Structure formats: C-alpha cells, structure tokens
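In what follows, a structure is listed as structure tokens, so that the remarks can point back to it.
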Amino acid sequence: MLETDRSREIMDDARSLQREAVRLLEQGDIRDAAEKAWCATLRATNALILARTGEEPQRTPATARMLDDLTSMDARVGSLVGRYYSRQTSLHGDCFYLGLPPTRHTERRIRETADYIVDAEMLAGMVGDSR
C-alpha cells in the first residue's frame, strides 16, 4: 500500500462530507444530503485509488476507470463497484441533478455511505474504523 498524507487527507475529507450528509438529511434537506454522500463516496474512492496505485484521479470518469482497473488487480475491490455506481446514479444524478423525488432507498444509501468509506479505507490499507 502507498498510504500517503494525501490519501489520508482525502479519506478524512470523505468522512467529513459523510457527517455533513447525515446532518443535512436529519434537517430534511435530502437533495443536498444526497450530493454530500455522493461526494464522500467519490473522495473515499479517490483515496483508495491513490493509496493503491500512487495516482490520484483528477476527474470522475478517471475515478470510474481506475476503480474498474483496480478491481481487475484485486477482486476484493469489486465489493465497492456496484455501491459506487448506485450512488453516482441515484444520489448524484437522480436526486441532486435531476431533482427527482427520493426513493425509499435514497436515505439508506446516504447513511450507508459511512460503511462504504470504512470498506474503502480497509482496502486502502488504512487502519481505523471511526464510523
């Protein structure tokens, strides 16, 4: 693993964004909560990729490609792929950008982003579970 100060910084940012997502959700602002949870997912994924490859994705398409590449190298990373794309589609695309009414799964996806972060952190070889 190539954990660096930068990968730790990005993972900490993911955790901060997730806390903000839950706060917004509890205030009833589900649209902004969804976007914060998506951003937390993206940041945690970028931290994982940086820790495993030494390269930080600069744009979301690069993150997706590099996550897929990383899965080819380590099948355990595959546990994140479906969760990553479901958050991209439902939280970022449908809820935030399109403003579609949240589904019964939206709140669950927002809250379970904390689990995604923990899993990404473990796959990155970072110690700690500060859910």
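The values are calculated or read from the model by the stated rules, or taken from the named source; none is laboratory data. Just so we're clear, the structure is a prediction, and the values are computed from it rather than from any experiment. No Cβ is skipped: glycine too gets one built from the backbone with ideal geometry, and neighbour counts run over all protein chains shown. We work out accessible area using only protein heavy atoms, side chains counted, and drop any ligands, DNA or RNA first. Shrake-Rupley method; radii C 1.70, N 1.55, O 1.52, S 1.80 Å.
Structure values in brief
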item	result
Kirkwood Rh, Cα atoms: Rg over Rh of the chain	0.96
Centre separation in Å (Cα based) which lies between segment 69-98 and segment 1-53	13 Å
Neighbour cut-off at most 15 other Cβ (10 Å), DSSP loop, GluC sites (Glu not before Pro), segment 1-84	E55
Exposure of D119 as accessible area (Å², to 10), given a probe of 1.4 Å and all protein chains	50 Å²
Net charge of Cβ neighbours under 14 Å - reference G99; Lys, Arg +1; Asp, Glu -1	-3
Size of charge dipole - the chain - debye, nearest 20, with Cβ of Lys, Arg +1 and Asp, Glu -1, no other charges	320 debye
Computed [θ] at 222 nm, deg cm²/dmol, the chain (DSSP H ≥ 4; -39,500 (n - 2.57); rounded to nearest 500)	-22500 deg cm²/dmol
Accessible-area composition of the chain, carbon plus sulfur, in percent [1.4 Å probe]	50 percent
Accessible area expressed per residue, the chain, with surrounding protein chains retained (probe 1.4 Å, Å²)	51 Å²
Angstrom value of the Kirkwood radius, inverse mean 1/r, which spans all Cα pairs in segment 79-120	10.5 Å
Mean separation of Cα contacts under 8 Å (6+ apart) over length of segment 25-95, as relative contact order %	39 percent
Cα long-axis angle, helix 5-26 against the chain (0 to 90 degrees, to the nearest 10)	10 degrees
